[in-house]
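Student: Let me begin by handing over the structure; questions about it come next.
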Amino acid sequence: MEIFVSIIIGVLTMCAVYLVLSRSLLRIIIGTALFSHAAHLLVLTTAGLKTGAAPVLVDGVTEFTDPLPQALVLTAIVISFGVTAFFLVLAYRTYQELSTDNMEEMKGTESYD
Amino acid sequence: MSLLHLAILLPLLAAPFIPFLFRGMKQIHTGWFVLIVPVVLVTYFAGFIPITSAGDVVTETIAWMPSLGINFTAYVDGLSLLFALLITGIGALVVLYSIYYLNKDKESLGHFYVYLLMFMSAMLGVVLSDNMIVMYMFWELTSISSFLLIGYWYEKERSRYGAQKSMLLTVFGGLSMLGGIVLLESMIGSYSIRDMIANSDVIAESPFFLVAMILILLGAFTKSAQFPFHIWLPDAMEAPTPVSAYLHSATMVKAGLYLVARMSPVFQESSVWLWTIAGVGMFTMFWGSFNAVKQTDLKGILAFSTVSQLGLIMSLLGLGAAALHYDGMDDNIFMVATIAAIFHLINHATFKGSLFMMAGIVDHETGTRDIRKLGGLMTVMPITFTIAVIGSLSMAGLPPFNGFLSKEMFLKATTKVFSADFFALDTIGILLPVIAFVGSVFTFIYSIMLFTRTFMGKAKFDQLPKKPHEAPIGMLISPAILALLVVGLGFFPNVLSNSLIKPAVESIYPTLVAQGQEVDVHIYFWHGLTPELFMTIGVVLLGSLLFWQMGKWMGIYNRIPHRLTLNGMYDGTLVWSNKAAYRFKDNYMTGFIRSYLIYIFVFLSGMMLFSIWWFDMYQFSFENLAEIAPYEYVLGAVVMLGALAILFMKSRLPSIILLGVVGYGVALFFVFFGAPDLALTQLVIETVSVALFLLVFYHMPDISKKEVRMRFKVGNAIVAVLVGTTVTLLSFMALTNKSLTSISEYYKENVYELAAGKNMVNVVLVDFRGFDTLFEIVVLGIAAFGIYTMIKFRTTRRTKGEGEHEAKQQTRQ
């Protein structure tokens, strides 16, 4: 299972990197969203998968999955949402001001010296 | 904290009050308050004279960073006391002079005196610190305060240029010196100068001996404006004249001399030491005096003359090292070089200080320092004229002034090379008296120029910006005191012999003193018909002849094209390095975010893959892995295909939907992994995200219609595959190496006892790691604020076209 998920993580990261390197602002944001999915899966996978029941105390269950990575990922999911939302509004405002979402057109032409 | 430390830091402690005094007491010149500091200090340090002349030293230590061997150890011996007295004594006179020089209503005196006091502390720190690192710290502080003072009139372009030049050169030297200090410490394991002197035999055997010596000398040579680093000093003349008199002739530029004198016991056994210092010093002496003659600015002449005189003292310190090798006679003739160095150091401070103040007075009262415009001021400024004559003749080395005495000793020291039979002094060394003679001739010429061109000759008062008149009495006090010292020391040089010069010389020759050699300081006016007397007579005759025939040989100065002068090279280097830096920067700072991200990704992958290879981590073992259900394969395939499909989507709507597919797929994985909380959060967040994406997408209507063709980029693809592979390998590595047990055992055991909760993830979030959650909320809050500001506050004024666009959008909403 872990090997399979690792490969999924690799594919997600690969797509994320390719998207982040593209010119369109929207594709860049989609890329960062994919990035966070990959990172969340990575944190969970490195801790080991399916090592027990869900980490909720129930009578008769002694083996649980590791709760700590889950807590970390939970925080991360919320923060990545915040970042994505910020990013999206930034893109929206940029588009309003500059009428483009092409990163190469946004580059300033003058050098600062 | 002893009184001695307090004395070093007193100016720095007084500095914060100066701006308030300047603001609060407008009617009193701030300088009067500042004057108290050097006056108190000079009396305090004068109290040490009996101690050092008895051959004793005073040491006080404050532990600063003992574990690193860095302690603020103040150390007073003959040499440091001499400098401390110069710093505070000249400092008092300069502050007094500045009260009349700087107008309290026009100048920002608050800044000026803060910088000056900062310098005073720094300089005292340099000469009184025993720990080299502390000394280095103060050393750089003098560079910084000098920079600030040169740039005091910062609205002038020349001031900024001069300030930058001095900063670049002296800080370059300072950093070299730091390298030397670190090397020395690595040899003996201590930063203390006294330890270095005590272990000089260990240092001499080190393979890094020469490197350390050259690095230390670079510091000394840049600070003391030795050739070829002297070029900063003439440009430093843009500073107000009190600063030039204080920093750039009497004290700061002598820090290099102090360093050489102080480090002499460590290095002076080496022939390289003697030859480098004597050679560089002697050439600087010639070059400075040669260039001084062509200057037309009074302060320019004085600047090059300072360069020349510093070279003279430097060469004497170098020659003085020969005293260690000389055992020809009972009377150690090379010791005279060091005695002359110390004596000339004092004399130079007196006559050059008075000359600088004279130049300042002329500038102040006539409005110009250009000797082509000046002339005939003798009648209107008789007192200034007298001071100028005394100072100039002393500098030229004429009797009965103190300059004559030390100059004679200098010539004597150079002629002694004939009787030395080591280090090739009796062969190549013959050049030394020749260069000394030529340098002295030029010194004579510019000294004569200095007062004849300014005060004698035809008066051209109509060409002057101001109507000239004698300076106010307060302005004349300081130069007059210095001029009196010039005459007084000329007649009674031996008042200093045992009180100041002897202890200072003794601290340069600790080994000789230990052997029982007597440092015999007796300075005579008349010492018979010696070679040096004939040399002086020759200097006067040849100098007068050349001065008389000046018009005929001045042409030689125009022979060197500007590009090849040192200044030309400095400017060229500055321009070139600026351009090269920009060109280099423009190569990689393209302005495209894509380039920067590629650097980050490639570097990350490169580092990872390199470490995996370097630490032999590429053997993966997979044990105890979880089993995998068939439907999980399907889900994984959906997630991967969804992500890959985004890459090939031409329009935006499908890619947003595909992103949603991936997100929900990940949420399902969380369910399989036994993480219900995650799955729930992910589902909610994913829904909101997709909604947000669509909303923004909706607000970018123009773009949605355009089908932007996304070309496949091979370069990006390679980087993407590389990073993807790296992350997968990273995950494999994490599976292989499970050497540590998870810290979450603690949470599992205590979740109910300590937090009375059954859902571990929740308890961890709100209880055990509550701060994480708190800051998570903070991050969300910041994001929310950011979004709100971006939407609500718009500072850019929009043009008509954009306004219509806005209106169109609003109607659509």
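Student: Could you go through the range B:277-284 in sequence order and give the Karplus-derived ³J(HN,Hα) for each residue, using 6.51 cos²θ - 1.76 cosθ + 1.60 with θ = phi - 60°, rounded to whole Hz, and x for Gly and Pro?
Tutor: Once rounded to whole Hz, the list reads 5, 5, x, 4, x, 5, 5, 4.
Student: Among the lysines, which have Cα under 20 Å from the Cα of B:Lys579 when same-chain residues fewer than 8 positions away are ignored?
Tutor: B:Lys165
Student: Let me spell out the model: positive unit charges on the Cβ of Lys and Arg, negative unit charges on the Cβ of Asp and Glu, origin at the Cα centre of the range B:1-261. What dipole size does that give, in debye rounded to 20?
Tutor: That gives a dipole near 860 debye.
Student: Please compute the length gained on full extension between B:Ile430 and B:Arg769, using 0.36 nm multiplied by the number of residues separating them and subtracting their Cα-Cα distance.
Tutor: Taking 0.36 nm per residue and subtracting the Cα distance, the gain is 113.9 nm.
Student: Still on this structure, please answer the following. Given points 7 Å out from each Cα along the Cα-Cβ axis, report the B:Ser190 to B:Asn558 separation in nanometres with one decimal.
Tutor: Inter-label distance under the simple model: 6.1 nm.
Student: Here's another thing I want to ask about it. Residue by residue through the range B:653-670, which ³J(HN,Hα) values in whole Hz follow from phi under the Karplus form 6.51 cos²θ - 1.76 cosθ + 1.60 (θ = phi - 60°), with glycine and proline marked x?
Tutor: Taking θ as phi minus 60°, the curve returns 4, x, 5, 5, 5, 4, 4, x, 4, 4, x, 5, x, 4, 4, 5, 4, 4 Hz for the range B:653-670.
Student: Dipole size in debye (nearest 20) for the protein assembly as shown around its Cα centre, Lys and Arg Cβ +1, Asp and Glu Cβ -1?
Tutor: 4100
Student: On to the next question. Quick check on the protein assembly as shown: helices-only [θ] at 222 nm, where DSSP H runs of length 4 and up contribute -39,500 (n - 2.57) each and the sum goes over total residues. Nearest 500, please.
Tutor: Helix-only estimate at 222 nm: -22500 deg cm²/dmol.
Student: Can you give me the distance in nm between label points at B:Phe622 and B:Val671, each placed 7 Å from the Cα along the Cα-to-Cβ direction?
Tutor: That separation, rounded to one decimal, is 2.5 nm.
Student: Please compute the modelled spin-label separation between B:Phe208 and B:Lys373, points set 7 Å along Cα→Cβ, answer in nm with one decimal.
Tutor: 5.4
Student: Now for a separate question. Using only Cα atoms, tell me the angle between helix B:3-14 and the longest principal axis of chain B; keep it within 0 to 90° and round to the nearest 10.
Tutor: The helix B:3-14 is inclined about 70 degrees to chain B.
Student: Any idea which of A:Pro67, A:Leu41, A:Val17 is furthest toward the positive side of the dipole for the range A:2-102, if Lys and Arg beta-carbons carry +1 and Asp and Glu beta-carbons -1?
Tutor: Farthest along the dipole direction, towards plus: A:Val17.
Student: Please enumerate, by chain and number, the lysines with C-alpha under 19 Å from the C-alpha of B:Lys792, excluding those fewer than 8 residues away in the same chain.
Tutor: B:Lys808
Student: Answer rounded, prolate or oblate for the range B:51-142, using the Cα gyration tensor with square roots of eigenvalues a ≥ b ≥ c: rounded when a/c is under 1.5, else prolate when a/b is larger than b/c, else oblate.
Tutor: In terms of gyration-tensor shape, oblate.
Student: Using the structure shown, select from B:Lys352/B:Lys407; B:Lys26/B:Lys299; B:Lys650/B:Lys713; B:Lys223/B:Lys299; B:Lys352/B:Lys552 the pairs with a Cα to Cα distance greater than 22 angstrom.
Tutor: B:Lys26/B:Lys299; B:Lys352/B:Lys552, as the Cα separations exceed 22 Å there.
Student: With a 10 Å Cβ neighbour count serving as the proxy for reagent exposure, in which order, fewest first, do B:Arg194, B:Arg262 appear?
Tutor: Least to most surrounded, the residues fall as B:Arg194, B:Arg262.
Student: Right, another one. Give me the number: length gained by fully extending B:Glu753 to B:His469, i.e. 0.36 nm times residue separation minus the C-alpha to C-alpha distance, one decimal in nm.
Tutor: Computed gain between B:Glu753 and B:His469 is 92.8 nm.
Student: Where does helix B:566-588 land angle-wise versus the long Cα axis of chain B, in degrees 0 to 90, nearest 10?
Tutor: 0
Student: How long is the gain from B:Ile782 to B:Ile36 if the chain were fully straight, where each residue apart is worth 0.36 nm and the alpha carbon distance is subtracted?
Tutor: 263.2 nm
Student: Once amide H atoms are placed 1.01 Å from N in the peptide plane, what residues at a sequence separation of 5 or more from B:Ile70, or on another chain, have their amide H within under 5 Å of its amide H?
Tutor: Here B:Met65 satisfy the definition.
Student: Hey, what angle do you get for helix B:382-396 against the long axis of chain B, alpha-carbon based, 0 to 90 degrees rounded to 10?
Tutor: With rounding to tens, the tilt is 90 degrees.
Where a number appears in this text, it was derived from the coordinates with a stated rule and is not lab data. For clarity, every value in this text was computed on a predicted model and none was experimentally measured. Because the Cβ atoms are built from the backbone with ideal geometry, glycine has one as well, and the counts that use them run over all protein chains shown.
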